[in-house]
Ligand SMILES: Nc1ncnc2c1ncn2[C@@H]1O[C@H](COP(=O)(O)OP(=O)(O)OP(=O)(O)O)[C@@H](O)[C@H]1O
């Protein structure tokens, strides 16, 4: 379904700010597979997701989604089949537009036709039905500007928008990290529900080791731009958080340091 072969990316090559972000990443995912991604600061997790989304050109490597080779395809051409949710709740929605206008935009994402702003009664019924699944009462606030919503409400709406036209692949980049623990839990539950409902092939970066092992069916660990561990099946089911930290130490020769992970530990 998704296939990455030998992805390499260095930022600012040849300058004092040169940063090796991906040093030959290969990964194959089956349709419907949900892979959680963990690793220390600067391991290359976001760069991996950005490479799939086409945010910047790769130095080397090839990417296929289904039979289509996409590494040369510009970001906007990939957008119709890639859903994304970022850490920052402000990024996925347009603050000055209403909830229904945001949903109308999301619905047209997959269609190559001009935007038409007439929102019909039939569309509103559909939006209400979809919003009611979030359990946040947003179905009664279709004409509320999104800028007035809380971070958690915005992130739930972003998730709904990213999956309204089911994407071929869903990329979640620490999408609950900026939320308070209760809201983060609700957004995670919603994520599981939407992913299961559409059987979405998903890559989810998280700093939360428990979530990494509990959610989805496979966990990859990154370090210095490489995948150093790929856990699935029975082995994953019997792996604990201390096991995971030990595996990281063994594979990388270092202790895993991730500032957001430490924040969770301190809660
Ligand atoms: N746009 C960019 N310009 C320059 N350097 C970048 C850019 N994006 C990432 N990097 C660098 O590439 C490396 C990998 O960064 P990346 O954000 O992918 O790591 P990460 O695993 O997501 O880390 P974190 O958990 O800290 O967010 C880091 O050294 C980072 O500083």
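Summary of values
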quantity: Prolate/oblate/rounded label for region 158-267 (Cα gyration tensor, a/c 1.5); calculated: prolate
quantity: Estimated distance in nm for a label pair at residue 133 and residue 197, the labels positioned 7 Å out from Cα along Cα-to-Cβ; calculated: 0.2 nm
quantity: Shape parameters for the chain, alpha-carbon atoms, Rg then Dmax in Å; calculated: 18.9, 60
quantity: Angle in degrees between helix 151-164 and the longest Cα principal axis of the chain, rounded to the nearest 10; calculated: 90 degrees
quantity: Candidates 158, 98, 238, ranked by Gaussian network fluctuation over the chain, Cα under 10 Å, top entry; calculated: 238
quantity: Global form of region 21-91, assessed from the alpha-carbon gyration tensor, a/c cut-off 1.5; calculated: rounded
quantity: Packing-based exposure ordering (other Cβ within 10 Å, fewest first) of 76, 223, 175; calculated: 76, 223, 175
quantity: Bridge type composition, the chain - antiparallel percent by DSSP, nearest 5; calculated: 55 percent
quantity: Inter-site label distance for residue 249 and residue 145 at 7 Å from Cα along Cβ, in nm; calculated: 5.3 nm
quantity: Length gained when the stretch residue 238-residue 73 is fully extended (0.36 nm per residue, less Cα-Cα span); calculated: 55.4 nm
quantity: Sites residue 60 and residue 120, calculated FRET efficiency, Cβ-Cβ separation with R0 51 Å, nearest 0.05; calculated: 0.60
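Only the coordinates and a few stated rules stand behind these numbers; no lab work does. Note that the structure is predicted; figures quoted are calculated from it, not measured. Backbone-built Cβ (ideal geometry, glycine too); neighbour counts: all protein chains shown.
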